[in-house]
Amino acid sequence: MHGAVVLGASGLVGQRLQQRLANHPMFIVRALAGSQRTAGIDPSELPWGLEGQAPSLELPPVLDVQDPGLVERLHGLGVSWAFSAVPSAVALTLEPRLVEGGIRVCSNASAYRRRSDIPLVVADVNPHHLQTRPVGSVLHACATNCTLIPLLMPYLALHRTFGVRTYTATSEQARSGAGYGLLRGEVPLTFDIPGEAEKTMGELTWIAGELHEGTVHPSIIDGEMRCQRVDQADGHIIDVVFELSNQATQPDVEAALDAFATHPDAAGLPSAPHRPMMRVAGPIDRDRHLWADGLSFPMHVNPANDLQAGMATVVGDVRMDGPRHVRLRSLSHNTVRGAAGGVVLLAELASTRWA
C-alpha cells in the first residue's frame, strides 16, 4: 500500500478523492492538506458535502499546504503519493515542491497541463504518454479537464475508424463542476464559462497527439466549441456533430462506438471501467446513466467501494446527418470520471506500470 496525501481537504474534488481512496486496494490516505482556513482542524470536523457519510479515516489534523516543512511532515507520516485538488494558483508552487521532495504527484489542477515534460494522461486512452516524463524523475502527471472526457471518447472512436475532419460541440456542464459554492447555491449561476472551450479543445489535441522519442506532438484538430453551465447537480453532457473524413452508415458508426475499448495497459486496474464508453439507443438520461460502469447503469452506488461506477462515458441520440456527419450526445460524471476518479486511475496506472 502506498501512503497518500489528499491536497484540498475541504473542496469538492478533494472530498471525492478521500471517498475513492478510503477503501482503495493500492493507496491509503495518511494525511489531508488544505489552506490556512482548514489547517489544524480535525478531518472529522470538516463539513462533508457529497452523498453518504464521510469516510472514516483516522488522520492527524489537516496540514497547511503553505507550511515550509510540509514535505518533511509528509515523509514522517509515510506519504509517498500526493493527489492534488488545489486551485491552480496554489498548485503552481506546491506541486513542484512536493516532487522535488521525492513525493509523486497526480494532479487534477490545470496548472501543469500541456507541458512537454509533465504527462497529461487519460489512463485508459493514452497511458504511453507517461513516457514524456524525464528519465529517472519523480512522477508528476496531470489528468484532464472534466469537460474533455465526453468529447474525447466518441471523438477517438470515430476518428480511429473513419477519420474526423472537424467537429462542432456545445457543453451542458453541471453545477458541481464549479465546486461546492455553485453546487450549494452560495454563488450565482452564470451560464457561459469563459476560457473553458479553449482549454478543452487544446487538451483534445494533446491527448490525441502522437508520441515520438518521448515528446508529444499534438494533433491538428479543427473544431468549434461553446461551454455553458446548466442547472443540474452532476454530469457534463456534450452535444456534438462530427464531420467524418470517410463516408459511413449508421450501423458502421454504432459499431465503431461499441468497439471502443480500454487500452491494454489500463485494463484490470481498480478504477478502470469495464468499457470506457457505452452506447444507448435512445436519449441520455442524467439520473439513470450518471453512474455507468461500462457494463450497466447502477442506481444505488457506494462511491467508496464501487470504484468503476461513474467511470464510463455514455453516448446516446446517435444519428446521421448525411453520410459524413454524425450527431450525438455524450455524458460523463464530472466529479468522478472527469476529476477524482480520473486522477486515481492515473495513479493506479503509474504505480503499476511507470512508477
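The values are calculated or read from the model by the stated rules, or taken from the named source; none is laboratory data. Predicted, not measured: the structure shown is a model, and the values here were computed from it. Cβ: placed from backbone, ideal geometry, glycine included. Neighbour counts: every protein chain shown.
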Just one of Gly52, Gly3, Gly76 is over 30 Å from Met299 (Cβ atoms), loosely packed, with under 15 Cβ neighbours inside 10 Å and either touching a strand residue (DSSP E or B) at 6+ places or on another chain (Cβ under 8 Å) or assigned by TED's automatic domain parsing to the domain that holds Glu348 (or both); which is it? Gly76
Enumeration of residues in segment 83-114 that are at positive phi and buried (at least 17 other Cβ atoms within 10 Å of the Cβ): Arg114
Give segment 276-299 a look and list any residue that's surrounded by 15 or more Cβ atoms within 10 Å (Cβ to Cβ), of a type outside the set (A, V, I, L, M, F, W, C) and not in a loop (DSSP other than H, G, I, E, B), or say none. Arg279, Arg286, His289
For segment 220-264: of the residues being under 20 Å from the mean Cα position of the chain (by Cα) and polar (S, T, N, Q), which is surrounded by the fewest Cβ atoms within 10 Å (Cβ to Cβ)? Gln228
Might you check whether a residue that is closer than 19 Å to Ser330 by Cα, basic (Lys, Arg) and part of a helix (DSSP H, G or I) occurs anywhere in segment 211-227? no
Segment 130-144, subset modelled with pLDDT of 95 or more and outside any strand (DSSP E or B), residue surrounded by the most Cβ atoms within 10 Å (Cβ to Cβ): Ala143
Complete set of residues in segment 211-230 that are touching a Leu at 6+ places or on another chain (Cβ under 7 Å) and farther than 10 Å from Glu172 by Cβ: Ile221
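Return yes or no: is Pro273 under 28 Å from Arg16 (Cα atoms), touching a residue at least 24 places away in the same chain (Cβ under 8 Å) and part of a loop (DSSP other than H, G, I, E, B)? Walk me through it before giving the result.
Values: under 28 Å from Arg16 (Cα atoms): yes; touching a residue at least 24 places away in the same chain (Cβ under 8 Å): yes; part of a loop (DSSP other than H, G, I, E, B): yes.
The answer is yes for Pro273.
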Answer yes or no: is there a residue in segment 171-188 that is closer than 22 Å to Arg324 by Cα, assigned to a helix (DSSP H, G or I) and either within 21 Å of the chain's Cα centre (by Cα) or among the aliphatic types (A, V, I, L, M) (or both). no
Filtered residues of segment 15-69 (kept if of a type in the set (D, E, K, R), assigned to a helix (DSSP H, G or I) and under 26 Å from Leu345 (Cβ atoms)): Arg16, Arg20
Check Thr168 against each of (1) in a loop (DSSP other than H, G, I, E, B); (2) assigned by TED's automatic domain parsing to the domain that holds Gly294 and name the one condition it does not meet. (1)
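Table: residues versus (1) free of Cβ contacts under 8 Å to residues at least 12 places away in the same chain; (2) in a loop (DSSP other than H, G, I, E, B); (3) touching a helix residue (DSSP H, G or I) at 6+ places or on another chain (Cβ under 8 Å).
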| site | (1), (2), (3) |
| --- | --- |
| Ala91 | no, no, no |
| Glu95 | no, no, no |
| Val105 | no, no, yes |
| Arg113 | no, yes, yes |
| His128 | no, no, no |
| Tyr155 | no, no, yes |
| Thr161 | no, no, yes |
